[in-house]
1. In terms of Cα to Cα distance under 25 Å, which lysines are near enough to Lys7, apart from those fewer than 8 places away along the same chain?
2. Read through the labelled values (1) 17.1, 54; (2) 16.5, 50; (3) 35.2, 109 and report the label of the one computed as Rg and Dmax of the Cα atoms in Å from the structure.
3. Can you give me the distance in nm between label points at Ala81 and Glu68, each placed 7 Å from the Cα along the Cα-to-Cβ direction?
4. How about Lys205: which aspartates and glutamates have a C-alpha closer than 12 Å to its C-alpha, ignoring those fewer than 8 places off in the same chain?
5. What nm distance separates the two modelled labels at Arg195 and Asp109, each placed 7 Å from Cα along Cα→Cβ?
6. In nm, to one decimal, how far is the Leu206 label point from the Arg124 one, both placed 7 Å along Cα→Cβ?
7. Divide, for segment 197-249, the radius of gyration over alpha carbons by 2.2 N^0.38 Å, where N is the residue count.
8. When the dipole is taken about the Cα centre of segment 20-166, and only Lys, Arg (+1) and Asp, Glu (-1) are charged at their Cβ, what size is it in debye, to the nearest 20?
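The values are calculated or read from the model by the stated rules, or taken from the named source; none is laboratory data. Worth saying up front: this structure is predicted, and the values here are computed from it rather than measured. Cβ coordinates were reconstructed from backbone atoms using ideal geometry, including for glycine residues, and neighbour counts include every protein chain displayed. We work out accessible area using only protein heavy atoms, side chains counted, and drop any ligands, DNA or RNA first. Shrake-Rupley method; radii C 1.70, N 1.55, O 1.52, S 1.80 Å.
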Amino acid sequence: MGKLDGKRALVTGAASGIGEEIVKCFAAEGADLGLLDLSGDAAAALADAMSGTHGVKTATAQADVSDEAAVVPAIERISAALGGIDILVNCAGIDNTGPLEEMSVATWDQMMAVHLRGSFLCIRTVLPGMKQRQWGRIINFSSQLAHKGAPSMVHYCAAKAGVIGMTRALAYEVGGEGITVNCINPGPIDTPLLRSIPQDWLDVKLGELPMKRFGKTSEVAPTALLLATDEGGYYLGASMNMNGGDYMI
């Protein structure tokens, strides 16, 4: 018996990095899976692999989570294919660097749109079904930089701090209806997204870490699994920080 047998999970940013690792972890525990990603081909390939390896039901869609006209019908199609969504993991994200005084409004707005509007749109779409069933798990992804801050990442830190605030506020709204809302705040994790950041920034960050290494995606997925299960049912509005000691809170 898997810990997620009978559950249906939707993971955004599902085709690479932390999202991919969560998909693999959830599939191994028996969850049927919806995979949403900018790369529809990569999501479909991963879904096929999970169906073949673990025998779980899968559905995929290609969409930008910040685009309401694209992401809402995409989630509705996945939900219809799976018979509902019990667990939502908002893992889609972007990352870039630059000093605030040189930052364009478009760069700022895109960071807010992907992390905040994207999470909002996905939550709003699946929440009615969770309320009807009186059971749900919403797992948002922020960052330790929401607490710590970082030079040249004002927009990223602000967006991720907003995710934490949204998580806590929504937890108050729906915690009495069998739905938990929690947040995972990883430190720097070795993913394609991290490797897209300039090397000089990464060198400084590595030197700041007490553990002197970047994290692995396999070290993040178990926390998502805990929050998705009945065993994690008393976590509400929590911020889970696995960050190699980068910010101790």
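1. Counting by Cα, and skipping residues close in sequence, Lys7 has these lysines nearby: Lys24, Lys57, Lys131.
2. From the options (1) 17.1, 54; (2) 16.5, 50; (3) 35.2, 109, the structure gives (1).
3. If labels sit at Ala81 and Glu68, their model points lie 2.5 nm apart.
4. Asp246
5. In this crude spin-label approximation the distance works out to 3.3 nm.
6. Roughly 4.2 nm, to one decimal.
7. Working it through for segment 197-249, the quotient is 1.42.
8. The dipole magnitude comes to about 600 debye.
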